[in-house]
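Every read-out reported here was derived from the displayed coordinates using simple, explicitly stated rules and does not represent laboratory data. The structure presented is a predicted model; accordingly, all values stated were derived computationally and were not measured. Note that each Cβ is placed from the backbone with ideal geometry, even for glycine, and that neighbours are counted across all protein chains shown.
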Amino acid sequence: MSGREFWIGTSWKMTKSVAEAERFAAALAAGWPGHHGPLRLFVIPPYPHLNRVAGALRGSPVLVGAQDTSPWPDGAHTGDVSAAMIAETGAALVEIGHAERRRDHHETDDLVAAKVAAALEHGMRVVLCVGESQVIRDEGRALEHVTGQVRAAFALVRPEERDRVLVAYEPVWAIGEGSRAATLPEVEPVHAAVRAVLKDLGQADPVILYGGSVNPGNVDELARSAEVDGLFVGRAAWDPDGFLGLCAAA
Ligand code: PEP
């Protein structure tokens, strides 16, 4: 990792009771591994736990985020949660465009762009998730697909907001149960292509995380790559020891 800022975050997806969320937040507040170098940490609980987790981590350097936002500012949108409401909890970032939302809720690039704009308007950072399916990779179109997703997500981003967008490259075939992590030779060309696009879009210092089956066995190799500015972790970070262990190893 060599002294540079390195991001590690986890989304809890649809897991954890209130008690489990509180235990995790308390462990993180107590065990933030500042002594492990310039780590930037974040956790992304489900909406119902957002207030409690943000409250427990207020004043700590660990950022708290939401797993999604409504593209609409307010009003008659049953089931939606606005970016203003999310920001009010103390959340500092919003995850947008995760593969599971694109799959389960048919989220398009246009919708992702509207959500990115909503989160930025309320002063938060965005963790923009992008990634190709196995079919697209097999067709040799991974770079084209992923850079296209990034460009599309920036459609409504104002120049003064663009540095608040972090990109998480999460190949669809690498995330979740039964998948394998991408290898560095698979990750690095995509990160390099995304970095070039982000610079072209005006970002001064792009931050590109890798996500997909990160675990204690591959964290070291991934964190050593100059192309990888951080890790976005699911299963391996769903308990505080797992999360803090990965932070220590990075
Ligand atoms: C994810 O779904 O974003 C993810 C990174 O999951 P996992 O680490 O469990 O593969």
Enumeration of residues in region 3-20 that are among the aliphatic types (A, V, I, L, M) and buried (at least 16 other Cβ atoms within 10 Å of the Cβ): I8
When residues of region 119-147 are limited to those that are in contact (Cβ under 8 Å) with a residue 12 or more places away in the chain and loosely packed, with under 15 Cβ neighbours inside 10 Å, the one nearest to A196 (Cα to Cα): Q134
Condition met for L93 (more than 21 Å from A196 (Cα to Cα), of a type in the set (A, V, I, L, M, F, W, C) and surrounded by 14 or more Cβ atoms within 10 Å (Cβ to Cβ)): yes
Residue match in region 184-206 (condition: within 16 Å of the ligand (Cβ to nearest atom), in a loop (DSSP other than H, G, I, E, B) and closer than 21 Å to Q149 by Cα): no
Inter-residue pairs, beta-carbon under 7 Å, first in contact (Cβ under 8 Å) with a residue 24 or more places away in the chain and under 22 Å from P240 (Cα atoms) and in region 201-228, second of a type in the set (V, I, T) and part of a helix (DSSP H, G or I), 6+ apart: Y210/V187
Region 213-239: number of residues that are away from the ligand (no atom under 13 Å from the Cβ) and buried (at least 20 other Cβ atoms within 10 Å of the Cβ): 3
